[in-house]
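Participant: Before anything else, here's the structure in question.
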Amino acid sequence: MTRTQSILWSLLFTIVVPGTVAGLVPWLITGWHRAADPFGLPGAWVLGVVLIALGLPVLLVAIFKFATAGLGTPLPAAPTTHLVISGPHRFVRNPMYIAVVTIILGQALTLSRPELLWYAALVAFATATFARVYEEPTLHRQFGEEYDRYRKAVHAWVPRITPYRAR
C-alpha cells in the first residue's frame, strides 16, 4: 500500500469507525441534548470539553502515524506493514482506544449524560478484549521480536512518562 493510499483508507476508517463509536452512537443516545446536571459537579462540562480536546488530537495523530509510519490502516483488513511505535504509540500501545473512550467520557460530562458513562465502559471493555484476544497475538505473529520488545517496554493502557525508543 502506498502512503497516499494509506492516508485515504485511514481517513475513511476514521470517519466510519471512530466517527460511529465516538460520534454517531453518542448522538443516537443523547441527540446532543444536555441534561440537568445529575453529577452534581459544578463546571463538570468544562472538564468534559478538556477531555474531548485532549482525546481528539491523540486519536487523529495515532491514525495518521498508522498511515505514514506503518503504511497501512488501523483496520484489520488493511493492516500496517511496519510496527507503529511513533507518535502517541511511543507512550502507550493503545492510544486510539484510550482517546475514543476519553472523548466519550468528555461527552458524558459535557452533556451531563450518565448513559454515556455506561457506553464508555462498554467501549472500554470491548476494545480491551479485542486488543488482548485479537491484536496482541496478531502483532506478535506479524512483527515477532520487534513487537515483543515494544510490548515489554510500553504498557497497553497506562502511558509511559518518557517516550519509547526502539533499539
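Nothing in this text is a laboratory measurement; each read-out follows from the coordinates by a stated rule. Note that the coordinates shown come from a computational prediction; the quantities given were computed from them, not determined experimentally. Don't worry about glycine lacking a Cβ; one is built from the backbone with ideal geometry, like all the others, and counts go over all protein chains shown.
Participant: Mind listing the Cα extents of the stretch 3-153 along all three principal axes, in Å, largest one first?
Facilitator: 51, 32, 22
Participant: Going by how many other Cβ atoms sit within 10 Å of their own, how do R132, R113, R149, R167 line up, fewest first?
Facilitator: R167, R132, R149, R113
Participant: Could you work out the relative contact order of the chain, using alpha carbon pairs under 8 angstrom and six or more residues apart, expressed as a whole percent?
Facilitator: Computed over the chain, the figure is 28 percent.
Participant: Show me, for the stretch 139-149, the HN-Hα J-couplings you get by feeding each phi into the Karplus relation (A = 6.51, B = -1.76, C = 1.60, θ = phi - 60°), rounded to Hz, glycine and proline as x.
Facilitator: In residue order, the calculated couplings are 5, 4, 5, 6, 10, x, 4, 4, 5, 4, 4 Hz.
Participant: Which of E145, E136 comes first, and how do the rest follow, when ranked by fewest Cβ neighbours within 10 Å?
Facilitator: Fewest-to-most ranking of E145, E136: E145, E136.
Participant: Continuing with this model, one more query. So what's the angle, to the nearest 10 degrees on a 0 to 90 scale, between helix 95-111 and the longest Cα principal axis of the chain?
Facilitator: Once rounded, the angle reads 10 degrees.
Participant: Which three semi-axes in whole Å describe the equivalent ellipsoid of the stretch 108-148, each the square root of 5 times a Cα gyration tensor eigenvalue, listed largest first?
Facilitator: Values: eigenvalues 220, 17, 5 Å².
Sorted largest first and rounded, they come to 33, 9, 5 Å.
Participant: Sort the stretch 49-130 into rounded, prolate or oblate with this rule: let a ≥ b ≥ c be the square roots of the eigenvalues of the Cα gyration tensor; rounded if a/c is under 1.5, and if a/c is not under 1.5, prolate when a/b is larger than b/c, oblate otherwise.
Facilitator: Since a/c reaches 1.5 and a/b is larger than b/c, the shape of the stretch 49-130 is classed as prolate.
Participant: Where a ≥ b ≥ c are the square roots of the eigenvalues of the C-alpha gyration tensor, would you call the stretch 7-86 rounded, which needs a/c under 1.5, or, failing that, prolate if a/b is larger than b/c, or oblate?
Facilitator: Prolate, because a/c is 1.5 or more and a/b exceeds b/c.
Participant: Using only Cα positions of the stretch 83-167, each an equal point scatterer, no hydration layer, compute I(q)/I(0) via Debye at q = 0.13, 0.21, 0.25, 0.26 Å⁻¹ and quote the log10 values to two decimals.
Facilitator: For the stretch 83-167 at q = 0.13, 0.21, 0.25, 0.26 Å⁻¹, log10 I(q)/I(0) is -0.48, -0.96, -1.18, -1.23.
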